[in-house]
1. Would you check if there is a residue in region 180-188 being outside any helix (DSSP H, G or I) and in the same structural domain as Ala296 (by TED's automatic domain parsing)?
2. So which of Asp166, Asp160 ends up being over 24 Å from Pro246 (Cα atoms), surrounded by 13 or more Cβ atoms within 10 Å (Cβ to Cβ) and charged (D, E, K, R)?
3. Among the residues of region 367-382, what is the count of those that are in a helix (DSSP H, G or I) and touching a Cys at 6+ places or on another chain (Cβ under 9 Å)?
4. Filter region 89-112 down to residues that are hydrophobic (A, V, I, L, M, F, W, C) and under 16 Å from Glu216 (Cα atoms), then give me how many there are.
5. Select from region 449-471 the residues that are of a type in the set (A, V, I, L, M, F, W, C) and surrounded by 13 or more Cβ atoms within 10 Å (Cβ to Cβ) and list them in ascending order.
6. Considering only region 217-322, give the helices (runs of 4 or more DSSP H) lying wholly within it that have at least 1 residues that are at pLDDT 95 or above.
7. Does Lys402 count as over 21 Å from the mean Cα position of the chain (by Cα), under 30 Å from Pro510 (Cα atoms), free of Cβ contacts under 8 Å to residues at least 24 places away in the same chain and surrounded by fewer than 17 Cβ atoms within 10 Å (Cβ to Cβ)?
8. Being in contact (Cβ under 8 Å) with a residue 24 or more places away in the chain and within 24 Å of Leu210 (Cβ to Cβ) is the filter here, so list the residues in region 136-159 that pass it.
Amino acid sequence: MHNQPGSPVNLPDFDHCVTDLTGPSLPERLAKLPLFRELPPGLGYPVDALPKVLSDAVSAIVDLTQCQPAIAAGSVLAVSSLAAQAHANVLLPHGATAPLSLYLVTIAESGDRKSAADVYAMRPVRIAETDGQAAYRDQLDNYKLERESWDGAKAKIIRDKALAMDPAALKEAIGQLGRPPKEPLNPSIIFAEPTMAGLQKAYHCCRPSLGLFSDEGGQMLGGHALRDESRLHTIATLNDFWQGSPINRTRAGDGHSLLLDRRLALHLMIQPGIAHQLLGNADAIATGLTARLLVAAPPSLAGSRHFRMPAPESSGKLQRFTSRVSEMLSTWPHHERDPQRLMPRSLPMAPDAQHKWISFHDDCQTRVSPIGVWKGIRPWGEKAPEQAARLAGVIAVVQNEKVGEIGEDSMAAAITIAEFYGSEMLRLAGQSSVDSDVHSASDLLQWLRKQNKTCFHLAEVYQLGPNNLRTAKAAQLACQILETHGEIVPLSDGLLINGKRHRRAWMVVPD
């Protein structure tokens, strides 16, 4: 006798948990309801709006990898921001300045060539890091010798009994040694998934303009930096870096220090299934981090990428971008006595560029009004004018780091790009605002698929499953949601494993 719709499946033994679901017994029971509303199609990335050095790089990466233009553009803009942020700030019409730091997030499935695109865009950065390593090793050896000599000379002075009796003479003798040798700067530029304490520490030994880039951004979202006990500190620190604010650092053993005039560019590449952990995170929304992000989620091209040879000119296009960024990374303006404290100049807008920016600013205010098209992404829309100004500065400086002002063409390009990211944020807003319990159920479903689970029991979920389902109550609720949506089917007799029967158990319905 066939099971009736809504009734549990009777599969009491793990060895009999077989998902032959092609027969007529459970057609209604296994009808699935999607967990999320399907995303509406997005706009194409406005590659042609970018200046030639950037649009050529994007088109070359697309040709070489067959990725979506939005993926290539995200990587190219992130690297451009990393290079430009050391050289200038943008001067806004009302007199405030803003760094050229951009925070980009690219959402794409595994296999959509995120990493391949990033490898090409990151070439100038990796070259700078690699070339700097050889010189750094030699400089570090010399520093250690000089420091050992300096420390020895100081120790000898301190041991001098005559000087020990005269504090003024002791201070003068130590002063005559001069300052201790300064440790050479570590050539590392990119950090993939540090804690905020680790990132702040890096600014003590590395250049003052760094990047937080990861083609596996999920590792950062699930890592220590964004765990419950660290999340607020991480988000607040990222917000401070975006603003260009001084960063306070207090550590046991290291004492207190203040990081001035540092810059951070960010690019996280994440998969759609975990995007809500960032875009839908209540703390990230409440503190304004999500409003500072430029997010793109292009559709997958899987199944449509037939083999073809890249165009001969693509290598040359990419090399011009690599050379340009390499020049910018080779030096940075800094205080005369402190190479770790940037001195970026203020980059004003030309009159025509300023007019365009003010028009865009006022248009954004209309869009975020209670009846405006951006009312659902109001915090992001409020920051859109500044995003456009930052983008314009990056575009101008990448073309010429000595440029004196932002021209009309750069501003027009920046506004077009900001419009694209606004449309993406609006498109994604509905999905990221879905109830967190549904997202937790989605996390569980992904975990079950990844673990190739045919059947499972409740204790497995809260003992071994996703981090946000570490209680029986949370795990039970996630299972109920998946059951309602037809993704899993309850086992009436439970599940027998190694002689132990687990009463609350389910069978996973295959795709």
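The values are calculated or read from the model by the stated rules, or taken from the named source; none is laboratory data. This one's a predicted model, so the numbers in the text were calculated from it and none came from an experiment. Glycine also receives a Cβ, built like all others from the backbone with ideal geometry; neighbour counts cover every protein chain displayed.
1. no
2. On the way: Asp166 fails: surrounded by 13 or more Cβ atoms within 10 Å (Cβ to Cβ).
Only one candidate passes the filter, namely Asp160.
3. Of the residues in region 367-382, the ones in a helix (DSSP H, G or I) are 367, 375-382.
Restricting the remaining residues to those that are touching a Cys at 6+ places or on another chain (Cβ under 9 Å) gives 381-382.
Residues meeting the conditions: 2.
4. Step one: list which residues in region 89-112 are hydrophobic (A, V, I, L, M, F, W, C), which gives 90-92, 96, 98, 100, 102, 104-105, 107-108.
Next, from what is left, pick out any that are under 16 Å from Glu216 (Cα atoms): 104-105, 107-108.
Number of matching residues: 4.
5. Taking region 449-471 and keeping what is of a type in the set (A, V, I, L, M, F, W, C), we get 455-456, 458-459, 461, 464, 469.
Hits for region 449-471 are Cys455, Phe456, Leu458, Ala459, Val461, Leu469.
6. Values: elements: 217-221, 228-243, 276-279, 282-286.
In region 217-322, the matching helices (runs of 4 or more DSSP H) lie at 228-243.
7. Working: over 21 Å from the mean Cα position of the chain (by Cα): yes; under 30 Å from Pro510 (Cα atoms): no; free of Cβ contacts under 8 Å to residues at least 24 places away in the same chain: yes; surrounded by fewer than 17 Cβ atoms within 10 Å (Cβ to Cβ): yes.
Answer is no for this residue.
8. Once the filter is applied, which keeps residues that are in contact (Cβ under 8 Å) with a residue 24 or more places away in the chain and within 24 Å of Leu210 (Cβ to Cβ), region 136-159 yields Tyr136, Gln139, Leu140, Tyr143.
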